[in-house]
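A short write-up of the structure that comes next.
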Amino acid sequence: MYYYSVMNDYIKEKEYEVLGKCLIISVYAETIDIKVLMKEPDMSIVMNIDEWMQEYEYLINNYFKENNLDNTDLNDIKFSFDFLPNTPANSTYNLEYFENTYFIVENFKSATYDLMIIDERTLFNDIAFMETGYLSYYFGSHKYSTEIYLNLSKYIKSEALQFHDKKIIEDGKVDGDLYALPYEMDFDVLYYYNNDRKTNQLVSDMKSLNWEELVSSLQEETEPYPLKMSIAFDDDLLNFFMEYTSNYYYLKKEYDSNYFKIFYNDTAEGLLNSFFNLIMDYTEDDVEDTLFSTQDEVLLHFINGETTFFRGKASYADIVSKIPDVSSTLPPKYISAKYNKYLVFNKHSEIDKDLLIEIAQQLTSKDGQLNRAKHFHSIPTFDFTLRNEDEEIQSYCQDHSDICEKIELMNPLYIKDIFNTKSSPSFFKVEYIVPDDLRIALIYNDTSEIIPIFKNINEVITSDLGFFGILSYLVISFFTILFFIIYFVYKYQAHPYLKVISPMFCILIIIGFVYNMIKILSDLPPFSIVKVMTYLLWIPLGSLSCILLFVILFICFVTFACIYALIGSRVLTIILTSPEYDVVNTNKYDLKNFVPLKPMGRYRSLIKYIKELTSFSSSKHEFSKANNESNKELTSSSFSKSEFSKTNNESSNYFNILSDNGAYTEPEYFIISLLLGFKN
């Protein structure tokens, strides 16, 4: 009953406040409606979510209107908020994360919303080194974030963001370009009653305790202190598991570059079993009680004294402060998971981009964040290391000293960074798969499914192929047989049995078949960097333009080769070796007698003669140049004539010799003379 009386007083107070504000709200004339999308808060029942939505929209509009009374460009702006559902899991299969992401992508593409307040685990959940098939299948793109979010780098200077936490700013960038403005932050805390001796003792030792020591300390009393927690939300489950793991292992690259292997190496089963045993201890063997209990239900237990601690967010202080004698502390080891929220812009919005930028800068400014901290107890994204230099940050810390102290003492845990390894997929796949499989592992105390999932997140498997290993041996054997076939077809291509089926075309067909098999196998393990790079070769080869280009080049090559082989080589040989000819009657010759140049060594003998002529002419020319320098032109002319005459005589003698020896038939000699076009 005490719970309901406290909550009713709180809700009535908010109802009167909203009613009073609605009576004085002005009517907008020719307003510019800015559509904003954001997610519902966690405790929808306690907060009376419908009233909270109305109040949030009113306060944002009221703040913006009062802040721009003298600005004619902005005093007619109106914000309309829509809220994404935020319901806890009630089974081992939760589709809410997928549905919300799909809703965001589709409605941003259609320009339904102009702005969105988005948490870091949905922001850039598609950006990763390894692409995910889910994204291209359901969303039509591997990287939709840069397609729907506006790049702010050319609109906002870095100097305007210096008051924000540097880590939060960096997480709003992709490849150095700013896409998201810091909006607010949050982190996990434990609420407790400060009038209990045992609890106060545990809180004072919290920095040195781990989760197992905390739970065992609560249960070692004669009358054990109860403990209930809600990990029904996917984020809460991941946070709790990673906070527990961080009590024993450093989950940061600075300490160990291979930290993620603890989730699937020899320590993995022991880690998961100890986490299961911890939950079994504080739930009294009822794991599903904590897996599917909502924050509203656990808060009710806390108010009724049925749990020593209430694990929630620091921003819940606005609600919990209504309960007397309640304080908060950081979780064990002071390790707390952080939440950051951002304001992003729709790239396809019809609202002027400069106007949207100016609006967003006011919402994310110091004054805008302090206004929300005052009314909703949200935590600003300030760089609290500047608290002694910045008056506004210092003023906030004076009013909220408890928050600033916790931020200073906290060991922040960035869940998204933990899953961001060299070979990890996008965070969409992590958030979509891991929480559900972790619930199954806890319900059935079975780690056989979750450990391979962790391994798949961090590693590209190139060994332990199982069935694929057997298949690879079969494929290699098959390829070996095909290559032997190619070899023997080429070796015996002149055999009548093979000649009738065009051996060279058969070889080309087999090569094409092998090519297509290799292309298919490149999609299967084992994988490697070299295989990924060579796979890029297959992409253009299958395109129509590449096929047409290949056909054109092949036709040109074949045409040129045929012309040269059948005509060009003969003409070139004849021109170089026979400087003169005699025209005779060609009707008496049969063209069948003009056989290729290869038989009887004719082609080789002609090439040899070309070399001899070239060598002879060159030496004679050098000799003439050295001995007749004083009368160069005259001597050169007479030398050329004499050498030309000598060459012609030698050529005639050579062909006479060849003809007498049977090297050339009479028709062949006639054609040589005819093509050369020279006379003695």
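Just a few scattered comments:
- A search for C-beta distances below 7 Å between a residue of the stretch 476-488 that is closer than 16 Å to residue 516 by Cα and any residue that is at pLDDT below 85 and assigned to a helix (DSSP H, G or I), counting only pairs 6+ apart in sequence or on different chains, returns 479/514; 482/514.
- Members of the stretch 257-291 found to be in contact with a Phe, Trp or Tyr (Cβ under 6 Å, 6 or more places away or on another chain) and assigned to a loop (DSSP other than H, G, I, E, B), listed by number: 264
- Which listed residue is at pLDDT 95 or above, under 21 Å from residue 58 (Cα atoms) and touching a helix residue (DSSP H, G or I) at 6+ places or on another chain (Cβ under 8 Å), from 363, 343: 343
- The lone exception for residue 197 - which of (1) in contact with a helix residue (DSSP H, G or I) (Cβ under 7 Å, 6 or more places away or on another chain); (2) without any contact (Cβ under 8 Å) to a residue 60 or more places away in the chain it fails: (1)
- Residue identified as assigned by TED's automatic domain parsing to the domain that holds residue 159 and under 37 Å from the mean Cα position of the chain (by Cα) among 294, 364, 290: 364
- Looking across the stretch 489-503, the residues that are without any contact (Cβ under 8 Å) to a residue 12 or more places away in the chain and assigned to a helix (DSSP H, G or I) come down to 491, 496, 497, 498, 499.
Residue by residue, here is whether (1) modelled with pLDDT of 95 or more; (2) within 20 Å of residue 326 (Cα to Cα) holds:
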| site | (1), (2) |
| --- | --- |
| 183 | yes, no |
| 189 | yes, yes |
| 194 | no, yes |
| 197 | no, yes |
| 216 | no, no |
| 219 | no, no |
| 223 | no, no |
| 226 | no, yes |
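- Candidates 67, 62, 71, 75, filtered to the one that is at pLDDT 90 or above, more than 22 Å from residue 317 (Cβ to Cβ) and surrounded by fewer than 18 Cβ atoms within 10 Å (Cβ to Cβ): 62
- Just so you know, in the stretch 111-133 the residues that are charged (D, E, K, R), assigned to a loop (DSSP other than H, G, I, E, B) and modelled with pLDDT of 85 or more include one that is nearest to residue 57 (Cα to Cα), and it is 114.
- Yes/no for residue 165 being surrounded by 17 or more Cβ atoms within 10 Å (Cβ to Cβ), in contact (Cβ under 8 Å) with a residue 12 or more places away in the chain and touching a Leu at 6+ places or on another chain (Cβ under 6 Å): no
- When the stretch 270-305 is filtered for residues that are farther than 18 Å from residue 90 by Cβ, among the charged types (D, E, K, R) and in contact with a helix residue (DSSP H, G or I) (Cβ under 7 Å, 6 or more places away or on another chain), only 281 remains.
- Check on residue 158, under 30 Å from residue 404 (Cβ atoms) and polar (S, T, N, Q): yes
So that you can scan it fast, the table gives a plain yes or no per residue for (1) in contact with a helix residue (DSSP H, G or I) (Cβ under 9 Å, 6 or more places away or on another chain); (2) part of a loop (DSSP other than H, G, I, E, B); (3) in contact (Cβ under 8 Å) with a residue 12 or more places away in the chain:
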{"site": "38", "(1), (2), (3)": "yes, no, yes"}
{"site": "46", "(1), (2), (3)": "yes, yes, yes"}
{"site": "52", "(1), (2), (3)": "yes, no, yes"}
{"site": "57", "(1), (2), (3)": "no, no, yes"}
{"site": "61", "(1), (2), (3)": "no, no, yes"}
{"site": "66", "(1), (2), (3)": "no, no, no"}
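- Checked against (1) aliphatic (A, V, I, L, M); (2) surrounded by 12 or more Cβ atoms within 10 Å (Cβ to Cβ); (3) outside any helix (DSSP H, G or I), residue 475 meets all criteria but (3).
- Of the numbered criteria (1) within 11 Å of the chain's Cα centre (by Cα); (2) within 23 Å of residue 78 (Cα to Cα), the one residue 116 fails is (1).
- Of all positions in the stretch 193-205, at least one carries a residue that is touching a Gly at 6+ places or on another chain (Cβ under 9 Å) and not in a helix (DSSP H, G or I).
- Restricting attention to the stretch 380-426, the residues being of a type in the set (A, V, I, L, M, F, W, C) and surrounded by fewer than 14 Cβ atoms within 10 Å (Cβ to Cβ) number 1.
- Residue in the stretch 294-306 that is surrounded by 21 or more Cβ atoms within 10 Å (Cβ to Cβ) and among the charged types (D, E, K, R) present: no
- Pairs where the first residue, in the stretch 84-100, is within 10 Å of residue 232 (Cβ to Cβ) and assigned by TED's automatic domain parsing to the domain that holds residue 47 and the second is of a type in the set (A, V, I, L, M) and outside any loop (DSSP other than H, G, I, E, B), C-beta under 8 Å, 6+ apart: 89/291
Let's see how each residue does on (1) part of a helix (DSSP H, G or I); (2) surrounded by 19 or more Cβ atoms within 10 Å (Cβ to Cβ):
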{"position": "315", "(1), (2)": "yes, yes"}
{"position": "344", "(1), (2)": "no, yes"}
{"position": "362", "(1), (2)": "yes, no"}
{"position": "370", "(1), (2)": "yes, no"}
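- Residue 336 within 34 Å of the chain's Cα centre (by Cα), assigned to a helix (DSSP H, G or I) and outside the structural domain of residue 104 (by TED's automatic domain parsing): no
- Some residue of the stretch 104-124 being touching a residue at least 60 places away in the same chain (Cβ under 8 Å), more than 16 Å from residue 346 (Cα to Cα) and basic (Lys, Arg): yes
- A single entry from 136, 141 fulfils the requirement of being in a loop (DSSP other than H, G, I, E, B) and among the small types (Gly, Ala, Ser): 141.
The values are calculated or read from the model by the stated rules, or taken from the named source; none is laboratory data. What you see is a predicted model, and the numbers here were worked out from it, not measured in a lab. With ideal geometry, Cβ positions are generated from the backbone for all residues, glycine too; neighbour counts draw on all protein chains shown.
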